[in-house]
1. Taking loop as defined by DSSP and a crowding limit of 15 other beta carbons within 10 Å, which GluC sites (Glu not before Pro) in the stretch 91-186 fit?
2. Let me know the charge dipole size of the chain about its Cα centre in debye, to the nearest 20, where only the beta-carbon of Lys, Arg (+1) and Asp, Glu (-1) is charged.
3. Quick one: if you take sqrt(5λ) for each eigenvalue of the C-alpha gyration tensor of the stretch 17-169, what semi-axes come out, biggest first, whole angstrom?
4. Rounded to a whole number, what is D in µm²/s for the stretch 93-154 from Stokes-Einstein with the Kirkwood radius over alpha-carbon pairs (25 °C, 0.890 mPa s)?
5. What is the calculated FRET efficiency for Gln100 to Leu143, with r their C-beta to C-beta distance and R₀ = 30 Å, to the nearest 0.05?
6. How many nm is it between the label spots at Leu192 and Lys32, if each spot is 7 Å from the Cα in line with the beta carbon?
7. Return one number: the angle in degrees, 0 to 90 and rounded to the nearest 10, between the long axis of the Cα atoms of helix 49-78 and the longest principal axis of the Cα atoms of the chain.
8. Need the full-extension length gain, Phe18 to Thr150, defined as separation in residues times 0.36 nm minus the C-alpha distance. One decimal, nm.
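Every number here is computed from the coordinates shown, using simple stated rules; none is lab data. None of the values given here were measured: they were computed from a predicted structure. Glycine also receives a Cβ, built like all others from the backbone with ideal geometry; neighbour counts cover every protein chain displayed.
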Amino acid sequence: LYVQPRPLGMRDVIAELFFRLGLVLFMVAFLKFRHLDLNALGGFSKIGFWRTLFTGLILLIAAYPLIGLADALMQRLLGGASASKQQIVDLFTGSETIEQRVLIILLAVVIAPAAEEFIFRFFIYGVLKRYGGAFVGVVLNSLLFAAVHTHLPSFAALFALGCCFTIAYEWSGSILVSMTMHALFNSVTLTLLAFPDIFQQ
């Protein structure tokens with residue numbers, strides 16, 4: 001039986017924002033302490049802006065059928081519990097001020113994609129791949145990515161999404177590609193949520 005966690009508030013969003021930024025800074029400091037070249041490891045200057053944007057867009061479009069299939073299977077498995085939404089979605093749709101929406105958009109489109117891709121793809125996947133190989137790295141870091149969102153109805157879709165992000169990073173050699181995919185995915189999701197009268201929720 002799936003139980004919805006307590007409602008998310010703006011203080012929780014701000015705290016999560018600072019937590020993610022702090023975690024990224026800690027990881028950067030750790031890697032710098034190990035005298036590792038972040039630019040070379042993450043491929044930050046490997047491809048240009050427009051190629052990164054185009055590659056991320058094409059790969060995200062290609063990933064949507066897999067994500068949709070995973071989501072449909074999870075909905076079929078859970079039945080009525082699948083109707084529940086992620087807390088951040090409820091907070092966005094229920095936000096009463098433009099300031100709240102701007103903060104949520106900033107978190108979802110800028111902070112979360114950059115921080116989560118750095119944490120899960122750049123750092124965790126890098127460690128798992130080194131000790132267990134690419135396949136183990138893809139599977140385990142995607143499972144962790146899905147689990148930290150603490151929303152069972154979205155678990156399969158988030159796992160598929162994490163796999164697509166990781167494969168995109170592995171294939172392109174640049175973490176910026178998976179960050180772009182993540183930012184675009186969140187942007188599309190928020191756009192659909194912002195216009196419920198036009199798009200079926």
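1. Of the GluC sites (Glu not before Pro), the ones in loops of the stretch 91-186 whose Cβ has at most 15 other Cβ atoms within 10 Å are Glu96.
2. That gives a dipole near 520 debye.
3. 27, 21, 16
4. 185 µm²/s
5. Using R0 = 30 Å, I get an efficiency of 0.45.
6. According to this spin-label approximation, the distance is 3.9 nm.
7. 50 degrees
8. Length gained between Phe18 and Thr150: 45.7 nm.
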